[in-house]
1. What per residue convex hull volume, in Å³, comes out for segment 59-292 when only alpha-carbon positions are used?
2. Could you list log10 I(q)/I(0) for segment 188-304 at q = 0.13, 0.23 Å⁻¹, which the Debye formula gives when each Cα is one point scatterer?
3. Compute the whole-percent fraction of alpha carbon pairs in the chain spaced more than 27 Å apart.
4. Hey, can you grab everything whose amide H is under 5 Å from the amide H of Val205? Only 5+ residues off in sequence or another chain; H modelled, so Pro and N-termini drop out.
5. Out of all DSSP beta bridges with both ends in segment 59-292, state the antiparallel percent to the nearest 5.
6. Rounded to the nearest 500 deg cm²/dmol, what is the calculated helix-only ellipticity per residue at 222 nm for the chain, with -39500 (n - 2.57) per DSSP H run of length n ≥ 4?
7. Counting pairs of alpha carbon atoms under 8 Å apart in space and at least six apart in sequence, what relative contact order in percent does the chain give?
8. Testing the spin-label approximation: label points 7 Å from Cα along Cα→Cβ at Lys166 and Asn67. State their distance in nm.
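Where a number appears in this text, it was derived from the coordinates with a stated rule and is not lab data. Quick caveat, the model's predicted, so the values are computed rather than measured. FYI the Cβ positions are ideal-geometry reconstructions off the backbone, even for glycines, and counts take in every protein chain you see.
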Amino acid sequence: MYGKIKDHLKAELEAIENAGLYKKERIIVSPQKADIKVNTGQDVLNFCANNYLGLSNHPRLIEAAKNALDTHGYGMSSVRFICGTQDLHKELERRIADYFGTEDTILYAACFDANGGVFEPLLTSEDAIISDTLNHASIIDGVRLCKAHRFRYESADMEDLEDQLKVAQTHRYRIIVTDGVFSMDGHVAPMDKICELAEQYDALVMVDECHSAGVVGETGKGVSELYNLKGKIDIITGTLGKAFGGAIGGFTTGRKEIIDMLRQRSRPYLFSNSIPPSVAAAGIEVFKMLEESNDLHDKLVNNTKYFKEKMIAAGFDIKPSESAILAVMLYDAKLSQDFAAKLLEEGIYVIGFYYPVVPKEQARIRVQISAGHEKEHLDKAVTAFTKVGKELGVLK
Ligand SMILES: *Cc1c(COP(=O)(O)O)cnc(C)c1O
């Protein structure tokens, strides 16, 4: 039975490999942090994790998780509404709402699920979703699972958004959906203008804060803090898998009735397991830490500023960014791959991205800064970038 599709899959896989798009996994044999060991024995500095606040291996989170294993056990063996809700899940939901200044929160196994399960319970074929073209795959999938009409606007293009909103006026309800920070460039969505247009054209606003929460804004509370829009964004989705500890888990936070309806009808919530107690407990610890002090966020901001200034001074072309993502532009696809490979030899682990992940002739190396990086790590990276940049003729 398997024969025919096997041959087909083998041919497809070969085509992927020949196009240079085959994804291989690099195997890390240490905890996730700034300096990691890979299975070749090499020690490298990690500049491609979403470990923005450096919490992935933080002793307080490890301790909180260990304690919860003793007090609350290993797993829930249930979805939330049957017998999968502990006091820890409720406390984490409340802390997330307090952090964002929202009314209520619902946890998911991942933000992929939060985005997958947010539209269908709220909107029908009478309604319209107006989505930024650069939105994350999970938003695109969530939109597909819902019968509402789909409109797309050119990324962060407010004229185009307004045009789409005009066309969508005939629908019952409208929602504008955007990533807070776009992950390939590091730029922030123009939330102030988006909210103004939402007001003018009677639309709801949803933002995915996966790369912005913990990172942008005075104290890192995301785009609503950056643009002073606390309480004005109807729906925020986010992850516990990036700045907030890096393990697993997602959430939707926002208006009370919306969250309530998601608890009734959101399929990834109703039909998929609760996050483990240890993960919930470590999540609670994250928000306690962020309430106690802004040190980690301050360090992330300072590290990002320091690295960016040094790289620009060295002569690199870096896309405008207000986040901890810095796109070092190389434009040429092959150059981006050669550059990343040479950096790895220098002990710097980064990824080069090229078409179709980014537009044609826009190949780049994406650097992600962390509060876990020390000055010496940043200096080492700048030195390596400069050396390779000269070798490959990117710098003079
Ligand atoms: C990472 C990411 C997700 C998925 O989050 P998970 O919790 O890992 O599923 C969703 N949206 C955006 C914008 C992301 O960057």
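1. Here the figure is 107 Å³ per residue.
2. After summing over all Cα pairs, the log10 values are -0.58, -1.38.
3. Numbers: 41816 of 78210 pairs.
Considering the chain, 53 percent of its Cα-Cα pairs are separated by more than 27 Å.
4. Correct list: Ile176, Asp234, Ile235.
5. Once the DSSP bridges in segment 59-292 are tallied, antiparallel ones form about 40 percent.
6. One gets -12500 deg cm²/dmol as the mean residue ellipticity at 222 nm.
7. Once normalised by length, the contact order is 22 percent.
8. Once both label points are built, they end up 5.8 nm from each other.
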